[in-house]
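As C-alpha cells, the structure follows; a few thoughts come after it.
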Amino acid sequence: MRPSIGIVVSLDKERKSYVGGRAYVDAIQAAGGLPVLLAAIDDETMVSQFFTQLDGVLLPGGPDVDPVHFGEEPMYNYTAIDPERDYVELLLARLALQNNIPILGICRGIQALNVAGGGDIYQDLTAQKKGALIHAQKAPRWYPTHWINIQPETMLFKILGESRLRVNSYHHQAVRSVAPDFRVSALASDGVVEAIEHPSLRFALGVQWHPEQMWKKYPLFKLLFTSFVNEASNS
Ligand code: MN
C-alpha cells in the first residue's frame, strides 16, 4: 500500500473550481506515495477526520499566509490571501506536529509550517530585510538561481548529502523567527532561511525553494520526496 499524502487544493472563486499544482502530485506519485487531495473547507471536524486517514501531509506553494496568524497587521502588498487554505493547512500542520506524522512544507509550505509551530515570517523580504538577494527569480521555474548552505548534522544534510547547493527561488516572504523546537537547516548567502526542520520528530521539514520543479532535471531533489514518502510509509 502506498502511503496517503494529503495535499490541500484551493478554491478558484472565479472558475468555481478547486485547483492545485500538478507538480506536487507528480512528485509524490513518483516517490511512491498516494497523493490525496482535500478541498480547502474550513471545518475542523472534517479536516480532523481527513487527517486520521493520512500517513503524511504536504504543504505546497501558494498565496501568502494572512499575517493575522502570526499576530501582525498587513504591512505590504501581498498576493491574494486564501482564508480557507490558511485555516485547513495550519490545522493540518498542527495535527501533524502533535501526532508526529511526517510533514513536508514547500515555499508557502515552510512559512505555514513555521507559523503553525509558533514562529513568524517576513511579510516582504525586499522591504524588511536589508541586503536580501533576488529571491523572486525570472528564470525558468526549474532553474537554480542562488546558493544555499546546508547546516551539518541536519536531517536535510543527511537526505541530500551536500553542504552547498544551488536552488530555484520564487518567494517574496521567508521565515523570520524560527518556530520553537525547530532549527534552521539551510541558509541563503544573505542569511535568509531556506530550510527548517524539527530535530526530534520523525519528519517535519520545510524548504523555501521548489524541489517539485527541479527533480526531473536534478534527480538529487527527488530524495526529498522519497525520504518523506518512505517515512510516511511507517505511519
Ligand atoms: Mn530563495
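The values are calculated or read from the model by the stated rules, or taken from the named source; none is laboratory data. Fair warning: this is a prediction, and the values are worked out from it, not measured in the lab. Cβ atoms come from the backbone with ideal geometry, glycine included; neighbour counts cover every protein chain shown. What goes into the accessible areas is simple: the full protein's heavy atoms, side chains included, and nothing from ligands, DNA or RNA. Shrake-Rupley method; radii C 1.70, N 1.55, O 1.52, S 1.80 Å.
Test Ser169 against the criterion of being among the polar types (S, T, N, Q) and more than 16 Å from the ligand (Cβ to nearest atom), and give yes or no.
Working: among the polar types (S, T, N, Q): yes; more than 16 Å from the ligand (Cβ to nearest atom): no.
The answer is no for Ser169.
Restricting attention to segment 1-40, and to residues there that are free of Cβ contacts under 8 Å to residues at least 12 places away in the same chain and among the acidic types (Asp, Glu), which single residue is least open to solvent (accessible area, probe 1.4 Å)?
Residue satisfying both the conditions and the ranking: Asp12.
What pairs come out if I take residues in segment 130-154 that are under 21 Å from Lys222 (Cβ atoms) and in contact (Cβ under 8 Å) with a residue 40 or more places away in the chain and pair them with residues that are assigned to a loop (DSSP other than H, G, I, E, B) and open to solvent by 70 Å² or more (accessible area, probe 1.4 Å) whose C-beta lies under 6 Å away, six or more apart or interchain?
Trp142/Lys217; Trp147/Ser189
Residue by residue, here is whether (1) within 18 Å of Gly191 (Cα to Cα); (2) within 12 Å of the ligand (Cβ to nearest atom); (3) of a type in the set (Ser, Thr, Tyr) holds:
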{"position": "Pro102", "(1), (2), (3)": "no, no, no"}
{"position": "Gly117", "(1), (2), (3)": "no, no, no"}
{"position": "His135", "(1), (2), (3)": "yes, yes, no"}
{"position": "Pro140", "(1), (2), (3)": "no, no, no"}
{"position": "Thr145", "(1), (2), (3)": "yes, yes, yes"}
{"position": "Gln151", "(1), (2), (3)": "yes, no, no"}
{"position": "Thr154", "(1), (2), (3)": "yes, no, yes"}
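Restricting segment 180-235 to residues that are more than 14 Å from the ligand (Cβ to nearest atom), among the hydroxyl-bearing types (Ser, Thr, Tyr) and in a loop (DSSP other than H, G, I, E, B), which is most open to solvent (accessible area, probe 1.4 Å)?
Here the answer is Ser200.
Scan (1) over 21 Å from Pro211 (Cα atoms); (2) hydroxyl-bearing (Ser, Thr, Tyr); (3) under 18 Å from the mean Cα position of the chain (by Cα); (4) within 16 Å of the ligand (Cβ to nearest atom) for the single condition Ser177 breaks and write down its number.
(4)
Consider only pairs whose beta carbons are under 6 Å apart and that are at least six residues apart or on different chains; among these, list those whose first residue lies in segment 92-113 and is more than 20 Å from Asn234 (Cβ to Cβ) and whose second residue is at pLDDT 95 or above and among the charged types (D, E, K, R).
Pairs found: Ala112/Glu89.
Please indicate, with yes or no, whether at least one residue in segment 139-150 is open to solvent by 40 Å² or more (accessible area, probe 1.4 Å), modelled with pLDDT of 95 or more, of a type in the set (Val, Ile, Thr) and touching a Leu at 6+ places or on another chain (Cβ under 9 Å).
Within segment 139-150, one or more residues are open to solvent by 40 Å² or more (accessible area, probe 1.4 Å), modelled with pLDDT of 95 or more, of a type in the set (Val, Ile, Thr) and touching a Leu at 6+ places or on another chain (Cβ under 9 Å).
Just to be sure before I move on: is Arg164 touching a helix residue (DSSP H, G or I) at 6+ places or on another chain (Cβ under 6 Å) and basic (Lys, Arg) in the structure I sent? Show your work before the answer.
Working: touching a helix residue (DSSP H, G or I) at 6+ places or on another chain (Cβ under 6 Å): no; basic (Lys, Arg): yes.
No, not satisfied.
Quick one: how many residues across segment 48-71 are over 17 Å from Tyr122 (Cβ atoms), of a type outside the set (Phe, Trp, Tyr) and part of a helix (DSSP H, G or I)?
Summing the residues that are over 17 Å from Tyr122 (Cβ atoms), of a type outside the set (Phe, Trp, Tyr) and part of a helix (DSSP H, G or I) in segment 48-71 gives 3.
Which condition number does Leu133 fail, the rest of (1) within 15 Å of the chain's Cα centre (by Cα); (2) closer than 18 Å to Val192 by Cβ being met?
Only one criterion in (1) within 15 Å of the chain's Cα centre (by Cα); (2) closer than 18 Å to Val192 by Cβ is unmet by Leu133, namely (1).
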